[in-house]
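The values are calculated or read from the model by the stated rules, or taken from the named source; none is laboratory data. Only a predicted model underlies this, so the values are computations on that prediction, with no experimental measurement involved. So basically every Cβ, Gly included, is an ideal-geometry build from the backbone, and we count neighbours across all protein chains shown.
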Amino acid sequence: MDFLRPASWEEALAAKAEHPTAVPIAGGTDVMVEINFDHRRPEYLLDLNRVGDLYEWEVGQDSVRLGASVPYSRIMESLRAELPGLALASHTVASPQIRNRGGVGGNLGTASPAGDAHPALLAAGAEVEAESVRGSRRIPIDAFYTGVKRNALAPDELIRAVHVKKADGPQQYSKVGTRNAMVIAVCAFGLALHPETRTVRTGIGSAAPTPVRARTAEEFLEAALEEDGFWDNGKIITPSVAKQFADLCAAACNPIDDVRGTARYRRHAVGVMARRTLTWTWESYRGARRASKGAA
Amino acid sequence: MRVNFTVNGRPQEADDVWEGESLLYVLRERLGLPGSKNACEQGECGSCTVRLDGVPVCSCLVAAGQVEGRDVVTVEGLAEFARQRAERDRCETASRGDRTAAPGTSLDEARAWQARGSDSQAGEGGELAPIQQAFIDAGAVQCGFCTPGLLVAADEMLEHHPNPTDADIREALSGNLCRCTGYEKIMDAVRLAAARQGEAV
Ligand code: FES
Ligand code: FES
């Protein structure tokens with residue numbers, strides 16, 4: 001095994017071009033487990049800890065450019081207002097020690113359907129900034145996950161950053177597991193309301209071969225909200241709408257039975273989380289509306 | 001490969017390190033510091049917790065090569081680390097005093113380190129970090145396997161949260177498993193350390 005220690009992003013890209021099989025390691029929270037247990041013996045480890053840019057983020061006009069290695073603990077502390085869904089998801093990652101090391105780049109690189117960040121990224125809307133010596137490109141998050149633990153990266157590409165849309169409305173994240181800490185999701189659900197465009201977006205984790213959106217459910221809810229003027233009148237969402245939304249979210253799953261849960265349970269749980277997160281986000285949308293009216 | 005890094009305030013050099021080796025392995029097997037425990041090697045238990053550039057991490061998940069040039073504090077250096085922190089705090093509140101003696105803990109000292117709290121079994125002495133003393137006084141140690149990781153994690157929390165709520169403590173220690181105590185005495189110990197820290201100011 002060889003340990004490559006690029007001191008800059010350019011050096012990292014050059015190393016990856018020269019050794020496309022090199023396994024990038026940043027927080028190490030996935031890679032080291034595989035090495036410790038002898039599940040993987042990569043020829044090259046490509047250490048990204050010395051590439052400082054990967055630990056930085058910039059809050060722009062419409063989106064946040066989040067460096068691939070910004071630890072989850074920093075996202076929780078510093079980006080709660082801009083990226084509330086991702087901040088909530090970050091808080092459910094493992095434990096403080098793991099959140100101090102792991103970042104979204106690792107979640108994306110591993111592309112496990114159970115990765116905690118995925119539902120939040122899908123719901124908020126995001127693009128993955130991938131780069132190689134050949135150039136840089138932005139991959140829409142919807143096109144990023146291509147199969148179980150597979151993603152759209154080319155062998156010579158590295159993830160530099162994720163561009164996540166800044167929240168323009170309430171976002172929620174929910175995760176089912178056997179305890180509060182140190183838990184791999186049985187399944188997870190992210191929901192973001194986008195009042196500016198009058199759209200909603202969802203993200204489902206651990207209930208299909210890849211993280212997915214529940215598009216039919218989104219379209220249904222958008223139409224229902226539009227039809228009855230909910231965005232303007234801020235009324236409570238009717239139970240039948242919430243139920244239909246929940247059912248459509250459950251139907252978007254394609255889960256399996258495994259040690260963590262059965263397919264049936266996962267489908268059921270996703271429906272429950274969909275209904276709950278809809279209630280929570282809609283309540284806070286109504287609250288914000290009332291507050292801004294009161295101020296006006 | 002060779003890895004140069006700072007351990008408990010002193011520069012150290014580890015040789016013949018295999019590229020896939022963890023920091024935990026280097027500490028235990030190459031530097032002779034077995035305080036950090038190996039219980040799962042997958043980030044689940046926290047018994048290998050150390051501070052890397054001040055931040056608590058699972059040393060079993062840090063590749064040895066990643067610590068090149070960086071700063072690690074292990075449980076063996078915790079007493080000295082806490083003492084220097086307290087001194088720094090005092091210096092900052094008073095005028096800036098001179099810093100005396102070489103900082104940190106040498107490898108020999110760290111290897112020879114033994115708990116000498118003021119406890120009937122552990123004997124007399126003052127060479128414990130306040131959090132270590134609190135663990136003894138509260139009876140928070142049974143088999144002791146989880147203790148080093150808990151001490152490092154709890155000490156770091158108290159550095160940032162002088163008056164933690166129970167929820168703060170639980171959150172900060174949520175990455176550390178204990179299979180003996182049921183956690184209640186550990187909670188007591190951290191509350192005790194926090195209260196004593198408050199009195200000292
Ligand atoms: S040995 Fe590192 S977390 Fe368990
Ligand atoms: S005292 Fe035995 S594991 Fe905690």
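Here are the numbers:
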item: Pick from segment A:230-252, criterion part of a helix (DSSP H, G or I) and of a type in the set (S, T, N, Q), ranking: farthest from A:ARG213 (Cα to Cα); result: A:ASN233
item: Residue ranges of strands (runs of 3 or more DSSP E) in segment A:133-182 with at least 2 members within 27 Å of A:PRO195 (Cβ to Cβ); result: A:135-140, A:158-165, A:171-176
item: Of residues in segment B:145-177 being among the polar types (S, T, N, Q) and closer than 18 Å to B:SER47 by Cβ, the one nearest to ligand 2 (Cβ to nearest atom); result: B:THR147
item: Per-region count, segment A:45-62, residues part of a loop (DSSP other than H, G, I, E, B) and either within 14 Å of chain B (Cβ to nearest Cβ) or within 17 Å of A:TYR72 (Cα to Cα) (or both); result: 5
item: Residues of segment B:21-70 satisfying the condition of being of a type in the set (Gly, Ala, Ser), closer than 21 Å to A:ALA7 by Cβ and either within 16 Å of ligand 2 (Cβ to nearest atom) or at the interface with another protein chain (Cβ under 7 Å from one of its Cβ atoms) (or both); result: B:ALA63, B:GLY65
item: Residue list for segment A:1-44, filter: at the interface with chain B (Cβ under 8 Å from one of its Cβ atoms), out of contact with any helix residue (DSSP H, G or I) (no Cβ under 7 Å at 6 or more places or on another chain) and assigned to a strand (DSSP E or B); result: A:ASP2
item: Failed criterion for B:GLU44 (all others in (1) over 20 Å from A:LEU48 (Cα atoms); (2) surrounded by fewer than 16 Cβ atoms within 10 Å (Cβ to Cβ) hold); result: (2)
item: Matching residues in segment B:139-197 - criterion: being assigned to a helix (DSSP H, G or I), within 22 Å of A:ASN180 (Cβ to Cβ) and within 15 Å of ligand 1 (Cβ to nearest atom); result: B:GLY149, B:LEU150, B:VAL152, B:ALA153
item: From B:ASN8, B:ASN4, residue being more than 10 Å from every other protein chain (Cβ to nearest Cβ) and more than 12 Å from the chain's Cα centre (by Cα); result: B:ASN4
item: The one condition in (1) without any contact (Cβ under 8 Å) to a residue 24 or more places away in the chain; (2) buried (at least 18 other Cβ atoms within 10 Å of the Cβ) that A:SER174 fails to fulfil; result: (1)
item: Residues satisfying the stated conditions in segment A:117-163, i.e. of a type in the set (A, V, I, L, M, F, W, C) and in contact with a His (Cβ under 7 Å, 6 or more places away or on another chain); result: A:ALA126
item: Any chance B:VAL55 is β-branched (Val, Ile, Thr), within 20 Å of A:GLU34 (Cβ to Cβ), more than 7 Å from ligand 1 (Cβ to nearest atom) and not assigned by TED's automatic domain parsing to the domain that holds B:GLU127; result: no
